[in-house]
Amino acid sequence: MLTRNGIELNIEESKYKFSYNDLVFYFSSMFYLRKFEKEISFFVESESKKLYNKFKVQTDLSNFLAIALYHKIEKRGFRVLYKDKEPVKKKHLKPKM
């Protein structure tokens, strides 16, 4: 259900989406979508540099970092599809201790 301010209350029905590599991110508002678009490149690049400086290992964690940024920005739900089909489960992203 879309509010008059353009916020989608049910993220499963959201029309606000952004593709990055093989992932499709869904947002509850255009504000969150634009914020993600603006920050994604810098966030992935800076976090990758931090990991390299700390561990001296070159790895491609861009998808994982993109999901981390999405989780940080989107407050009203979680919907990420892999290759536009298979949903990424939020419970699989948290390490078990």
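Quick note: the coordinates plus some simple rules give every number you see, no bench work behind them. The model shown is predicted, which means the values in this text are computed figures rather than measured ones. Every residue, glycine among them, receives a Cβ derived from its backbone with ideal geometry; neighbour counts consider all protein chains shown.
Within the set [x] 57, 36, 23; [y] 49, 27, 26; [z] 72, 29, 17, the number that Cα extents along the principal axes in Å takes when calculated for this structure is listed as [y]. In a fully extended conformation the segment linking Lys89 and Phe42 would gain 14.4 nm over its present Cα-Cα distance, using 0.36 nm per residue.
Cβ under 15 Å from Leu51's Cβ, Leu51 left aside: what net charge do those residues give with Lys, Arg +1 and Asp, Glu -1?
On the way: positive: Lys49, Lys50, Lys54, Lys56; negative: Glu45, Glu47, Asp60.
Net local charge, Leu51 excluded: +1.
Scalar couplings 3J(HN,Hα) for region 50-61, obtained by applying the Karplus form with A = 6.51, B = -1.76, C = 1.60 to θ = phi - 60°, are 4, 5, 5, 5, 7, 10, 6, 10, 8, 9, 9, 10 Hz; x denotes Gly and Pro.
Could you calculate the contour length gain from Phe31 to Tyr52, that is, 0.36 nm times the residue separation minus the distance between their Cα atoms, to one decimal place in nm? Provide the component values of the computation, followed by the final result.
On the way: separation 21, 0.36 × 21 = 7.56 nm, distance 3.16 nm.
Residue separation times 0.36 nm, minus the Cα-Cα distance, leaves 4.4 nm.
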